[in-house]
Amino acid sequence: MDKHFKATVRQNATRAILTLQRTPRAYLSFVTPIIAIYVVSLDEDIRGMIADEVGRFEDDWRSSMMASGVITRGTRWAGSIELDLLHPTLLGGAHKKALREALGVDTDSMRSDQRVLVLHAHIVVDHRGHSNQDCMMTDLRAEFPGPRRILAKPLYENGTVPQNLSNIADYSTKFRMSYSEAWEGGRTKFHVPFEPEWREFVMSLYERIGVARMIVTNVKSRATKRPECRAETPKSIADQGLEVVVTAVQLKITKDDEPLVQTIHEPSRPSPDTSPVMMSKPTPQQVLLRIKERLAAITHANERNHTLHKPEIDQDRHSPRSVERAAPLGKSESVRRLVSGAVWR
């Protein structure tokens, strides 16, 4: 088994199952459904069929949970898919044979080069969306008919709920590549490892199912959620390593010749060469002060220009004499030059 695949599935399964750790023990059940049983051989490519079967199971499981229960803030579940490979000499007793026959699987005529593949799941269920556990199990048995096809057990009384859930997550993702006689009705006993070719066969099935579908759950782990951040607050911008810059200045002259300045702040993307520390930029008050100074200078220049080129009066004829003078800058022209030529340092 690929170590990365195994570690990822185990980590995701543990996170999903531990989301139920605050549920009271009385509402938790450890459910093992048998999804399908196949007689397989090495020359058959059943990877696509197994992956499709897992997808159908997830849909059927959800439908059964919704039959008489509520799954929105109600019944929750989390678990994982597992594959068992059985040797022809270790097929179990009468109960297991009855289930195989109910599912249409004939093992009496198996060859020595064939194996029995058991596709199943281990799922922890918080059944508070149902009136009781018996109601939930009735729906599951109706959806997955067959003798002893659905088994449910309560959590162990010894140990805390988180400890029990952690142990279940480890058991559900054990990936033991060995023949077992768990179907004999007693405690699971592992015998000789799979032959190399059968080990590769099972590994290819797991890989085809994929990491995502290996986890059966309707809950999300809080550990996988990204923290929310409001970009409009200065603190959140600083935490993201963004600097605040003045990207636009809106200037408006009121009837009292008082400028109104509105600044628009936007976070800029940090470049690889810049530090996430916020750079020093002029405040809106400083921008307003500089605009007032520029306006005052322009106004003073206009008044001086108007005084120097004041029309002269002919004392003899008492009529204005035309003189060449430069037209004073209008208020709109002053503002245009101010905005287009302003450079903030």
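The values are calculated or read from the model by the stated rules, or taken from the named source; none is laboratory data. Keep in mind it's a predicted model, so treat the numbers as computed, not measured. Here the Cβ positions follow ideal geometry from the backbone for every residue, glycine too, while neighbour counts run over all protein chains shown.
Counting only residues that are surrounded by fewer than 18 Cβ atoms within 10 Å (Cβ to Cβ) and within 15 Å of S80 (Cβ to Cβ), segment 1-50 holds 7 of them.
Considering segment 86-117, and only residues there that are among the small types (G, A, S) and either in contact with a His (Cβ under 7 Å, 6 or more places away or on another chain) or surrounded by fewer than 17 Cβ atoms within 10 Å (Cβ to Cβ) (or both), the residue that is modelled with the lowest pLDDT turns out to be G93. Per the listing D113, D106, D134, D139, the residue uniquely over 33 Å from the mean Cα position of the chain (by Cα) and either under 22 Å from E53 (Cα atoms) or aromatic (F, W, Y) (or both) is D106. The criterion of at least 1 residues that are modelled with pLDDT of 55 or more and polar (S, T, N, Q) is met by the following strands (runs of 3 or more DSSP E) wholly inside segment 166-252: 178-180, 215-217.
Here I123 meets each of (1) touching a strand residue (DSSP E or B) at 6+ places or on another chain (Cβ under 7 Å); (2) in a loop (DSSP other than H, G, I, E, B) with one exception, condition (2).
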